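Asks: I'd like to ask you about the structure that follows.
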Amino acid sequence: MKLMEAVPNVSEGRRPDVIAEIARRVRAVPGASLLHIDSNADANRTVFTVAGKPQAVRRAAFALLQAAAEHIDMRTQRGAHPRLGATDVCPFVPLAGMTLTEAAEEAERLAQEAAQKLGLPVYLYEANAHTPERKNLAFIRRGEYESLPQKLAELPPDLGPRAFSPDVAKTGATVIGARNFLIAFNVSLNTRDVAAAKEIAAVLREKNGGLPAVKAIGWLMPGYDCAQVSFNLTDYQKTGLAAVREAAKQQAEKRGLAVTGSELIGLAPEEALLNAGRFYAPGLTDKTALLKTAVRELGLNKIRPFDFRKRILEYRMQDFL
């Protein structure tokens with residue numbers, strides 16, 4: 001059976017009623033399961049994880065895009081997380097029985113529907129990118145929503161309107177494409193100095209010669225009373241959670257700071273947490289013990305409660321699919 005995941009990121013993390021309505025619209029789609037919702041008020045962002053048969057996931061993603069366009073007004077939206085539109089980005093990830101190319105075909109269909117039926121400017125990225133630079137989300141999103149009037153003219157979307165009309169001003173643009181699995185992982189520091197977090201991010205991101213398959217930014221999280229380094233691990237087999245946490249710890253200590261905890265955004269594959277457990281306890285073989293070690297040593301329970309049974313992708317799929 002073919003299984004696909006969508007991980008749409010919506011530019012709303014402060015209004016529970018809006019988040020609940022978007023979730024309701026996703027759950028109403030037969031054949032798609034909403035596995036997890038992760039909201040943060042400071043980032044003003046919610047990450048939804050949806051899985052199921054490819055066509056059902058695509059329909060659920062469209063329902064989410066439509067709900068977000070109706071309920072989010074980008075003209076008044078502010079938050080720590082970079083964003084371009086109401087649904088900032090919607091990646092499709094092949095999970096079982098399908099290829100990245102097939103996931104990209106589903107992403108292309110969603111992009112066409114979003115442009116034609118919802119009137120959204122759509123940029124295609126990752127496996128769907130038409131040019132090498134557009135593979136990179138950061139390239140497309142540079143300047144964020146505030147740059148959109150100029151961006152639509154100078155970097156036209158692949159699909160949809162190219163004029164900054166009142167409708168586009170409200171919804172912003174969205175980025176759609178297929179990619180392999182990505183882990184979003186934030187590390188908290190014992191400081192509110194966002195400059196230090198940005199320095200550490202700059203040192204550790206791959207494009208600056210840092211860790212392979214790692215993207216990073218620094219930001220302030222007033223709700224946690226600290227600055228964070230926010231990482232995207234684009235290939236956790238090349239650079240895993242433990243390696244990122246230890247590198248961040250080392251860079252923090254160079255600046256007289258300390259890592260106080262970490263958080264996983266959304267879900268992660270079991271193997272990613274098992275690898276972290278093996279890093280910290282090479283002699284352990286029991287799976288549950290390894291997972292508990294990973295949670296403890298990574299500090300995943302220091303910021304928010306963390307139950308690995310609810311945060312591992314395979315476990316959630318067993319619960320829902």
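Asks: Filtering segment 140-149 down to residues that are part of a helix (DSSP H, G or I) and open to solvent by 30 Å² or more (accessible area, probe 1.4 Å), which residue is nearest to LYS207 (Cα to Cα)?
Replies: Ranking the candidates gives ARG141 first.
Asks: Within segment 56-68, identify whether any single residue is open to solvent by 50 Å² or more (accessible area, probe 1.4 Å) and free of Cβ contacts under 8 Å to residues at least 12 places away in the same chain, and answer yes or no.
Replies: Checking segment 56-68: not a single residue is open to solvent by 50 Å² or more (accessible area, probe 1.4 Å) and free of Cβ contacts under 8 Å to residues at least 12 places away in the same chain.
Asks: Still on this structure, please answer the following. When the residues of segment 100-139 are filtered to those that are buried (at least 24 other Cβ atoms within 10 Å of the Cβ) and among the hydroxyl-bearing types (Ser, Thr, Tyr), which remaining residue is farthest from LEU84 (Cα to Cα)?
Replies: Checked segment 100-139; the qualifying residue farthest from LEU84 (Cα to Cα) is TYR125.
Asks: If you check every pair at least six apart or on different chains, which have Cβ atoms under 6 Å apart with a residue in segment 295-321 that is over 28 Å from GLY52 (Cα atoms) first and a residue that is aromatic (Phe, Trp, Tyr) second?
Replies: GLU297/TYR280
Asks: Condition (residue is of a type outside the set (A, V, I, L, M), at positive phi, outside any helix (DSSP H, G or I) and touching a His at 6+ places or on another chain (Cβ under 7 Å)) applied to segment 43-57: is it met by at least one residue?
Replies: Within segment 43-57, one or more residues are of a type outside the set (A, V, I, L, M), at positive phi, outside any helix (DSSP H, G or I) and touching a His at 6+ places or on another chain (Cβ under 7 Å).
Every residue, every condition in (1) open to solvent by less than 10 Å² (accessible area, probe 1.4 Å); (2) charged (D, E, K, R); (3) not in a helix (DSSP H, G or I), yes or no:
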| residue | (1), (2), (3) |
| --- | --- |
| THR239 | yes, no, yes |
| GLN250 | no, no, no |
| LEU284 | no, no, yes |
| LEU290 | yes, no, no |
| ARG309 | no, yes, no |
| MET317 | no, no, no |
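Asks: Applying the selection to segment 172-203, what residues are surrounded by fewer than 24 Cβ atoms within 10 Å (Cβ to Cβ), in a helix (DSSP H, G or I) and in contact (Cβ under 8 Å) with a residue 40 or more places away in the chain?
Replies: Scanning segment 172-203 gives ALA196, GLU199, VAL203.
Asks: Restricting to segment 19-42, name every residue that is open to solvent by less than 10 Å² (accessible area, probe 1.4 Å) and not in a strand (DSSP E or B).
Replies: Passing the criteria: ILE22, ALA23, VAL26.
Asks: Quick check, is LEU220 open to solvent by less than 10 Å² (accessible area, probe 1.4 Å) and either more than 26 Å from LYS135 (Cα to Cα) or in contact with a strand residue (DSSP E or B) (Cβ under 9 Å, 6 or more places away or on another chain) (or both)?
Replies: So LEU220 fails the test.
Asks: Here is a follow-up. Would you check if there is a residue in segment 83-98 being more than 24 Å from ILE217 (Cα to Cα), among the aliphatic types (A, V, I, L, M) and either outside any loop (DSSP other than H, G, I, E, B) or open to solvent by 50 Å² or more (accessible area, probe 1.4 Å) (or both)?
Replies: Yes; the residues of segment 83-98 include at least one that is more than 24 Å from ILE217 (Cα to Cα), among the aliphatic types (A, V, I, L, M) and either outside any loop (DSSP other than H, G, I, E, B) or open to solvent by 50 Å² or more (accessible area, probe 1.4 Å) (or both).
Asks: Kindly list, by first and then second residue, each pair from a residue in segment 250-263 that is under 16 Å from TRP219 (Cα atoms) to a residue that is loosely packed, with under 15 Cβ neighbours inside 10 Å and modelled with pLDDT under 95, limited to pairs with Cβ atoms under 9 Å and residues at least 6 apart or on different chains.
Replies: Final answer for the pair search is GLY261/ARG304; GLU263/ARG304.
Asks: Tell me the residue from ARG296, ARG245, ARG255, ARG304 that is surrounded by fewer than 19 Cβ atoms within 10 Å (Cβ to Cβ) and closer than 27 Å to VAL93 by Cα, please.
Replies: Step by step, each of ARG296, ARG245, ARG255, ARG304 is checked, and only ARG304 is surrounded by fewer than 19 Cβ atoms within 10 Å (Cβ to Cβ) and closer than 27 Å to VAL93 by Cα.
The values are calculated or read from the model by the stated rules, or taken from the named source; none is laboratory data. Because the structure is predicted, anything quoted here is derived from the model rather than measured. Quick reminder, even Gly has a Cβ in these numbers, built from the backbone with ideal geometry, and neighbours come from all protein chains shown. Side chains included, ligands, DNA and RNA excluded: accessible areas come from the protein's heavy atoms. Shrake-Rupley method; radii C 1.70, N 1.55, O 1.52, S 1.80 Å.
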